[in-house]
Amino acid sequence: MRKEVEELIDAVLDEADCIDDLIDAVREQREAMRRRDTEAVNALMDEMRNLSFEAQSQEKLRNDIACRLAKKFSCEANASSLASVMDDDEKEEFNGAVDRLTQSVFVLKSEMMILTGLIDQHEQYTSMLLSEFRRLNGDIISQSGSANFRG
């Protein structure tokens, strides 16, 4: 296998590994939210931020290698075009790495949608509680004989 193709395959797999780590952190954060473990949620947010930066770095590295290969082989810097100029053994390993990265991205998007939904639900619930607290607090003040200056 050519060194530059192996380098691209490694970069694709490294990015997939990084995204898989991010998926694990998102799942752990969701579980920590269920347990109402604020410290764990905050620590996992920091970890997710670091993993996101790492994933962006891995993506840039992969893209740089793909562009370099595309220029060398006179093709486009996308997976199908790069695969078309590879030997059969390189193509098979490269396509497997691309499939793994694609699957990791799909799972991460799904996990993020679930997390976003939970955050939205939490926000709505908190808003309802605050509204009810304000209503009850206003009733208590007006019943205690104090002046109520609310319009």
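The values are calculated or read from the model by the stated rules, or taken from the named source; none is laboratory data. These numbers come from a predicted model, not from an experiment. When we count neighbours, we look across all protein chains shown, and the Cβ atoms used for this are built from the backbone with ideal geometry, even at glycine. Calculation scope for accessible area: heavy atoms of the full protein, side chains included, ligands and nucleic acids excluded. Shrake-Rupley method; radii C 1.70, N 1.55, O 1.52, S 1.80 Å.
Numbers for the structure displayed
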quantity: Dipole in debye (nearest 20) - region 13-52, about Cα centre, beta carbon charges: Lys, Arg +1; Asp, Glu -1; calculated: 420
quantity: Nearest-20 debye value, region 4-151 charge dipole, Cβ charges on Lys, Arg, Asp, Glu; calculated: 1420
quantity: Separation of alpha-carbon centers, region 14-73 and region 79-132, rounded to whole Å; calculated: 11
quantity: Most mobile listed residue (Ser127, Ser80, Ser110) in the chain, GNM with C-alpha springs under 10 Å; calculated: Ser127
quantity: Whole-number percent relative contact order across region 23-91, with pairs defined as alpha carbons under 8 Å at least 6 apart; calculated: 17
quantity: Listed residue (Ser127, Leu101, Gln58) projecting farthest to the positive dipole end of the chain, Cβ model; calculated: Ser127
quantity: Principal axis box of the chain, alpha-carbon based, largest edge first, Å; calculated: 86, 31, 20
quantity: Per residue, in Å², the accessible surface of the chain once ligands and nucleic acids are set aside, probe 1.4 Å; calculated: 68
quantity: Relative contact order [Cα under 8 Å, 6+ residues apart], the chain, whole percent; calculated: 30
quantity: Rounded percent of accessible protein surface that carbon and sulfur make up, the chain, 1.4 Å probe; calculated: 52
quantity: Simple label model, 7 Å out from Cα along Cβ direction - Ser80 to Asp24, nm; calculated: 3.4
quantity: Dipole axis of the chain (+1 Lys, Arg; -1 Asp, Glu on Cβ), positive-most option in Gly138, Ser110, Met86; calculated: Gly138
quantity: Selected from Gly117, Gly138, Gly96 as most flexible by GNM, with the chain as the system and alpha-carbon contacts under 10 Å; calculated: Gly138
quantity: Of Lys72, Lys60, Lys109, the one that fluctuates the most in a GNM where the chain has Cα springs shorter than 10 Å; calculated: Lys72
quantity: Lysine pairs within the chain, Cα separation less than 18 Å, 8 or more sequence positions apart or different chains; calculated: 6
